[in-house]
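The values are calculated or read from the model by the stated rules, or taken from the named source; none is laboratory data. Being a predicted model, the structure only gives us computed values, none of them experimental. We place every Cβ from the backbone using ideal geometry, glycine too, and count neighbours over all the protein chains shown. When the accessible area is computed, the model is the full protein with side chains, heavy atoms only, and any ligands, DNA or RNA have been set aside. Shrake-Rupley method; radii C 1.70, N 1.55, O 1.52, S 1.80 Å.
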Number of protein chains: 2
Amino acid sequence: MFSERMKKLTPYIPGEQPQDRKYLKLNTNENPYPPSPWIKTFLKSFDIEKLRLYPDPLFQNLRAKIAQGCGVQSENVFISNGSDEALSFSFYAFFDSCQGELLFPEFTYSFYPVYCDFYGIKYEKIPLRDDFRIDIEAFLTKKDSCGIIFPNPNAPTGICLSIKSLIHLLDNYSQDRVIIIDEAYVDFGGESAVSLIDRYRNLLIIKTFSKSMSLAGLRLGFAIGSKELIQALFTVKDSFNSYPAGMLAQLIGAIAISDTAYYQSITEKIIQTRDYFYSELKRLGWNVLPSKANFIFAEKKGTPGEEIYLRLKARGILVRHFNVQGINNFVRITIGTKKEMDLFLDEVEKIF
Amino acid sequence: MFSERMKKLTPYIPGEQPQDRKYLKLNTNENPYPPSPWIKTFLKSFDIEKLRLYPDPLFQNLRAKIAQGCGVQSENVFISNGSDEALSFSFYAFFDSCQGELLFPEFTYSFYPVYCDFYGIKYEKIPLRDDFRIDIEAFLTKKDSCGIIFPNPNAPTGICLSIKSLIHLLDNYSQDRVIIIDEAYVDFGGESAVSLIDRYRNLLIIKTFSKSMSLAGLRLGFAIGSKELIQALFTVKDSFNSYPAGMLAQLIGAIAISDTAYYQSITEKIIQTRDYFYSELKRLGWNVLPSKANFIFAEKKGTPGEEIYLRLKARGILVRHFNVQGINNFVRITIGTKKEMDLFLDEVEKIF
């Protein structure tokens, strides 16, 4: 009854989302603060009769708001059902095995190889440098690749490349192959490459409302790039699902993106807590990678990552462990409130 | 910069969704009545802080509610971002060109050939009978097909097959190839085949919250079938987007599916209005197909469908015209309130 390609799939495994027991959830990089309070006001007075109509398949209002916020035009903006969907559509639209392999870092968002298998795209993983940084030069030495993708800051390391490094990559890579920079975490101290889309028509930036906008539950993401790239994403969308973003998601997204003051304040708090937590964890003898994201990637020398994960889980704290050779000893810890991170540090001192 | 497959796509074109001018919108089969009033109560008191967390990727609460409503188990239910996404995932999971061609009616939901092109599936269109009914016997004479899909009632005709006809098809088709029945419109007078999923492990039913549940703006659909088929859809979902249905969609869907009394009352009104409208249109000399859906497919002999569409649009009324040989003379008219249909009839009497 099943297609051959379906039988070969190995799905992505998202971080645990326990629906029953209450954990201190530091495993899926959710924001510890609520989203913009204006959303509450909006929902209270929302006329539910509007839901009987289909949402705008062109997302015009939300795209205009995002364009304004990012300093681009509406034609440079595509909306998706979470940034994962924008990624999925992009893999379909831009990467073809007949043109060679897609390149991404050895340790990165583990959905990338899943998309490749889903659409039949070959790929090659490029090792990180010894200090866990993405190795731009190694990407550039590969010939005949069909494109490049990585998050900046990278996940799960949290390490961020400078705009200068990105320009170096863009200047020296084929202008006829797409480079995707997944900026899910860029608001926590990285520098966005959005301003480069005018110079590089092959640059696509992927963004999400799930992290810095504290709206993981809403499912809303977007892509920013040249008009040509955005049109291609609309073609894919309209061949898959005409209405991927619902009316409430579009309206709530437009409210959130306009409330810059609120989001600056909570982002600032998360950055302060991360930097404090980074220092404290180092003080306790952990090896901690420098992070510009809302998480920390860290190892306690001599203790396998899985053991850390399991012992913390037994104490009611969820972190993320990747059972992958090379980062086996690490765990990824989401930055919560200062109080939550102090609780975490207390537990860590007790356990280890 | 683009993949070869993307360059070959011809996207689906949804009905117009004008965001500015106010039309009497009878073109995309939306429900004229608001959704369950309990949704308003829910939104008023919804704690927006919950939106900071990812939604349940297993949709457990909503699946349980739907299973209860449909008399199946949760393991028989899959949730999607509108029923179009469930359709798209199903095409990927169940239909492979190496097994032959997918069969669907010549005049039917025009997204089916788009999905085929998107995933590289060959297909064959089976002509309708002279009376525009789906020709079950013609499906059964085809050898080596990779599956069958059609809506019941069919769109855009509105004509419904009996359960007896469906059983005849299921009994005489390969048990190792999936048959999908798209029941988007079944609540308006058709008989659902959901009760057959225990007998036919190759039967998948697709449903939507967009029509009878009056929640087109929400984007929520579901599929019902054997545990094996549902597991396959989860595998595809988890290789595409772990969280296709947001938290608000899941919660609102669970409220709607539980408010059977309200939805029975509005569905009853739509059925009465449809039957009244059918008679009136016939009285005005139109040829009207018998409909069990919330729309009517009709022609005014001697007047091309496109002319009807354009003249109505000029008068502020939107209907749907398909510029396709064989149904060129028809327009599809959504059933609104009785007042709206009387307005439509008045205009038609004036114009034609």
Report, by residue number, each residue of the range B:14-44 that is facing chain A (nearest Cβ under 9 Å), assigned to a loop (DSSP other than H, G, I, E, B) and without any contact (Cβ under 8 Å) to a residue 40 or more places away in the chain. B:PRO14, B:GLN17, B:GLN19
Check on A:ALA184, among the small types (Gly, Ala, Ser), within 14 Å of chain B (Cβ to nearest Cβ), under 18 Å from the mean Cα position of the chain (by Cα) and open to solvent by less than 40 Å² (accessible area, probe 1.4 Å): yes
Quick check on my filter: what residues within the range A:45-64 are within 24 Å of A:LYS237 (Cα to Cα) and either assigned to a helix (DSSP H, G or I) or assigned by TED's automatic domain parsing to the domain that holds A:PRO14 (or both)? A:LYS50, A:LEU51, A:ARG52, A:GLN60, A:ASN61, A:LEU62, A:ARG63, A:ALA64
Go through (1) surrounded by fewer than 20 Cβ atoms within 10 Å (Cβ to Cβ); (2) assigned to a loop (DSSP other than H, G, I, E, B) and name the single condition A:LYS292 misses. (1)
Count of residues meeting criterion [open to solvent by 10 Å² or more (accessible area, probe 1.4 Å) and outside any loop (DSSP other than H, G, I, E, B)] in the range A:198-214: 2
Looking at B:GLY217, is it in a loop (DSSP other than H, G, I, E, B) and either surrounded by fewer than 24 Cβ atoms within 10 Å (Cβ to Cβ) or hydrophobic (A, V, I, L, M, F, W, C) (or both)? no
Inspect the range B:43-55 for any residue being of a type in the set (A, V, I, L, M, F, W, C), on the phi > 0 side of the Ramachandran plot and open to solvent by less than 40 Å² (accessible area, probe 1.4 Å) and give the result as yes or no. no
Are any residues in the range B:12-29 open to solvent by 20 Å² or more (accessible area, probe 1.4 Å) and at positive phi, and if so, which ones? none
Do we have B:LYS227 as more than 7 Å from every other protein chain (Cβ to nearest Cβ) and under 16 Å from B:ASP84 (Cα atoms) here? no
In the range A:227-242, the residues that are in a loop (DSSP other than H, G, I, E, B) and open to solvent by 10 Å² or more (accessible area, probe 1.4 Å): A:ASP238
Evaluation of A:PHE234 against (1) within 11 Å of chain B (Cβ to nearest Cβ); (2) within 14 Å of the chain's Cα centre (by Cα) (one fails), failing number: (2)
